[in-house]
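Just so it is clear, none of the values below were taken in a lab; they were calculated from the coordinates. Please read all numbers here as calculations on a predicted model, not as lab measurements. Positions of Cβ are generated from backbone atoms using ideal geometry, with glycine treated the same way; all protein chains shown enter the neighbour counts.
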There are 2 protein chains.
Amino acid sequence: MNVKNPRTGEFDYEIFPLSNEELKNIIIDLREAQGEWKNQTLQFRIDTLKAWQKALEEQKESLIEALTIDTGRKLETLIEVDFLLNSVDEWCDLAKVFFENPVKEVSTIPSLNKEIQFVPYQVIGMVTPSTFPLFYAILDAIPALLSGCAVIVKPSELTPRFTEVLVNSFTELPQIGDIFSFINGGAETVLELTKLCDKICFTGANNSAKDILRVANESLNPVDLELGGKNIAIVSETAEIERATSAILWGSAFNAGQSCNSIESVYVHRNIYHQFLSRLVGKANLLEFTFPNIENGQIGPVISEKQVEKINELLADAINKGAVIKAGNRECEALGGGYYCRPTVLINVTPSMKLLKEEHLAPLLPVITFFNVDEIAQINEINFEGSVAIFAGGEQEALQIAEKINVQRVSINDVAISALLPEINIERFNKFLKKKTLLINNQLEKSNWWY
Amino acid sequence: MNVKNPRTGEFDYEIFPLSNEELKNIIIDLREAQGEWKNQTLQFRIDTLKAWQKALEEQKESLIEALTIDTGRKLETLIEVDFLLNSVDEWCDLAKVFFENPVKEVSTIPSLNKEIQFVPYQVIGMVTPSTFPLFYAILDAIPALLSGCAVIVKPSELTPRFTEVLVNSFTELPQIGDIFSFINGGAETVLELTKLCDKICFTGANNSAKDILRVANESLNPVDLELGGKNIAIVSETAEIERATSAILWGSAFNAGQSCNSIESVYVHRNIYHQFLSRLVGKANLLEFTFPNIENGQIGPVISEKQVEKINELLADAINKGAVIKAGNRECEALGGGYYCRPTVLINVTPSMKLLKEEHLAPLLPVITFFNVDEIAQINEINFEGSVAIFAGGEQEALQIAEKINVQRVSINDVAISALLPEINIERFNKFLKKKTLLINNQLEKSNWWY
């Protein structure tokens, strides 16, 4: 498989998907190595991961270089690499808290004396997207390894270069190389991986998720999905316009909108609409492409060529149906072989436009007015998988609006929902462990049930 | 659909599966009523459920009668009805603990200020089996209702009679009748329900689960599965033989083996094999059918006619492959129109026999010897979804054996795994609630990220 460079448009890298036989053998080896790994102490696993962190620190420059070529952008790459290197310490601290505080469960049956143990899954397969390639490849892998699992990661075939550096970092550390593996491939490899692993963690688009579920259902193997949803912002009449426009524009345009948490539309109270729109357009027009110099500007290239087509199609559909562009262009711009999308503010937007229905992962910002917040609660664009950023003068008012909107994540006077991404959360360990319940020294024979 | 009486073999009851249109309308009504129900206080929901409990108490005799006809057995019916009536109070107490102690989550990002809220699913569909019809129809329904969901239950088409009494108990209590519904039907109704509800909770066989998953995948709606697994007993050289045989026989033959937690085979240390076998056979031969008098004996009829065929097939397969029956018969016995299966102890059992591979839900007890417990850890019959009862002289020895066996539930010197069934566990509330995270008054603008 040839891999395109998102800045030059050239196919300058090649990956070699594994045969099913090769994949099977890798997983057999991982499963065997996991037998020892899970029996090590937590401290041993922490020490191993910290040794790896050190090895990776030495290859930091190569990692930045590879990831920058993969994604065509620099600033976000630096954030990703720093996140990865710092996250190891944080995960190790959390692992101590998690594993050294045994879970207590009390039964309502007085004679039942329970003890809870956790058993790691043997081999966890992770299928990760191109939006933040390093971040997603690592977010689940580190807590899974600390939990005692072996891990095999298949990154997006659009952004595979960075994994070479990770694999190189294992060279002198067989204790981690034996239980942590990266493979390349496309949709077929994903399905084969789903068949062979004990659990699949998938981050990406709904359609690929359905293919994975179809395969996983045959084995009834568990699947963990982190899917996209539509994320919106709501700006009430009392909101601070400067604050709201700056935050929302960042939530829309950071990483050129290529984030499953990016803000995809804004609902603004009619009474402040004109002020809001003029400040938003003014700020959007100040943003610049990171072209020709990758170190300047804010908006990098669109990583996926399919995504370029999709953005152009959504814009054409909206314009045909009457939308008016107040900032940005009618389509992505071709520059030096790559494609770039301007922060694009649209008005006269109607629910029939695809832009409001499909996750667009681009810095497209349709602005829609409302008069009563109940109108918003009804709109189709909202479902529980999404998130909403609410801007209002007071916290109480914002919380009342939040009450009406049925979404998974809300942020108040901020776009922190977009920044929740790099969150290291102790609950994540539960994904990699099976709960084993032991019932010890019970007294059921006293119930006269036994024969 | 005509429904057979498991004691008489007569089709003496009829159910009328709903049309898709009717089902759709019921769910629309439930969804509307749920809007009010979820906004009530917890105390209101508790009071409503306790009023229902009282109404049901008055119809206890009718409930026992209907459930006894459904299942053909009396003792287990009394246990189920008492469980139901007592469970309401316990769930209400747990709900107070669960909902009045807000969940705290601390972020590793210092500026992220989090608040966690829980949002009930609107309409939960429950598909429940014939093994303990009342128990499974109610186990999830009560905590789901307390959580603020509306609930629609489709019981097994083999045992639908008892739901009539439940529906009657709503007559004077519209506040519960509006958000709690029972419907009849077969596999098609299950799939339609899966399409229409916001979450499906299924208890039953793996094959039906796969059909449900196939439909749920289209909508990506969540599914909660409680599936069967193979449950075994392990008896070490040091075990008390009297205790082990009494407990294991009960774990195998209670409810005529029709329980997803019933013990389906025993592994006994070679050095105590003969003593163990003779005590087990002796005790098994003392058990009697509840025929002709339902009040006498321990072993009721097999509820499902398909199950009778399955039992006969598994026994024939085992006998053909060399198994020897030491207690019980070569097939189910036809008595008065019903079918009954004797507690059946088999030896000379080999791994090729279907008996060891397929969940049999019958009082069939193959006895297999081992010398070293590591032999057992390798056998195919064990998978994590199952459970194991370990009998050993000392707790430490039993825990060491447990360490080696990869199953979800273990009981030590007891068959409490089989009795875990009626457990009322506070964690169950989590199944009916979606977690909503609010991020309040954060300070992301200070990170200089905003545009």
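Dividing the mean sequence gap of close Cα pairs (under 8 Å, 6+ apart) by how many residues the range B:172-248 holds gives a relative contact order of 26 percent. Averaging 1/r over each pair of different alpha-carbon atoms in the range B:121-269 and inverting the result gives 17.1 Å, the Kirkwood hydrodynamic radius.
Here the calculated FRET efficiency for A:LEU85 and B:ASP224, from their Cβ-Cβ distance with R0 = 45 Å, stands at 0.70, rounded to the nearest 0.05. Relative to the dominant Cα principal axis of chain B, helix B:273-286 is inclined by about 80°. The mean number of partner chain beta-carbon atoms within 10 angstrom of a residue's beta-carbon across peptide B:429-441 is 5.
Between this copy and the others, label points of A:GLY186 are 4.4 nm apart in ascending order, each placed 7 angstrom from Cα in the Cβ direction. Peptide A:395-403 has a mean shielding of 2, counted as Cβ atoms of other protein chains within 10 Å of each residue's Cβ. Near the amide H of B:PHE182, within less than 5 Å, lie the amide hydrogens of B:VAL153, all on another chain or at least 5 residues away, with H placed in the peptide plane. Relative contact order for chain A: 19 percent, from Cα pairs under 8 Å spaced at least 6 residues apart, divided by residue count. Annotation: average projected area of the range A:62-150 is 7.8 square nanometres, based on the convex hull of Cα atoms across all directions. Fewest neighbouring Cβ atoms within 10 Å first, the residues A:LYS24, B:LYS431 line up as A:LYS24, B:LYS431. At an R0 of 25 angstrom, the distance between the Cβ atoms of B:GLU61 and B:THR41 translates into a FRET efficiency of 0.15. Here is the tail figure for the protein assembly as shown: Cα pairs spaced more than 41 Å apart come to 44 percent of all pairs. Measuring from a point 7 Å out along Cα→Cβ, what nm distances, shortest first, does A:ASN206 have to its partners in the other copies? Result, one decimal in nm: 3.1. Size descriptors for the range B:1-145 (Cα atoms only): Rg and Dmax, in that order, 19.8, 70 Å.
Modelled spin-label separation between B:SER352 and B:GLU237, with each label point placed 7 Å from Cα along the Cα-to-Cβ direction: 3.1 nm. Model label sites at A:ASP12 and A:GLU313, defined 7 Å from Cα along the beta-carbon direction, differ in position by 2.9 nm.
Helix A:206-219 axis versus longest C-alpha principal axis of chain A: approximately 20°, rounded to the nearest ten. Per-residue shielding of B:244-257, expressed as the average number of other chain Cβ atoms within 10 Å of the residue Cβ, stands at 2. Across the alpha-carbon atoms of the range A:355-424, the computed radius of gyration and Dmax are 12.6, 38 angstrom.
In degrees, nearest 10, range 0 to 90: what is the angle between the Cα axis of helix A:187-196 and the longest Cα principal axis of chain A? Orientation of helix A:187-196: about 30 degrees from the principal axis.
Applying a threshold of 22 Å to the alpha-carbon distances of B:LYS74/B:LYS210; B:LYS96/B:LYS431; A:LYS404/B:LYS38; B:LYS199/B:LYS436; A:LYS104/A:LYS431 flags B:LYS74/B:LYS210 as lying beyond it. Under 25 Å of direct C-alpha separation, and excluding same-chain neighbours fewer than eight residues apart, B:LYS321 reaches these lysines: B:LYS230, B:LYS306, B:LYS310, B:LYS354, B:LYS357.
Loop-located GluC sites (Glu not before Pro) in the range B:289-398 (DSSP state not H, G, I, E or B) with no more than 10 neighbouring Cβ atoms inside 10 Å: B:GLU295.
The Rg/Rh ratio for the range B:304-403 is 1.03, where Rg is the radius of gyration of the alpha carbons and Rh is the Kirkwood radius. Rounded to the nearest whole angstrom, the semi-axes of the ellipsoid equivalent to the range B:233-292, taken from the Cα gyration tensor as √(5λ), stand at 22, 14, 8, largest first. According to the Kirkwood relation over distinct C-alpha pairs, the hydrodynamic radius of the range B:175-248 is 15.5 Å.
With the convex hull built on the Cα atoms of chain B, state its orientation-averaged projected area in nm². The number I arrive at for chain B is 25.5 nm².
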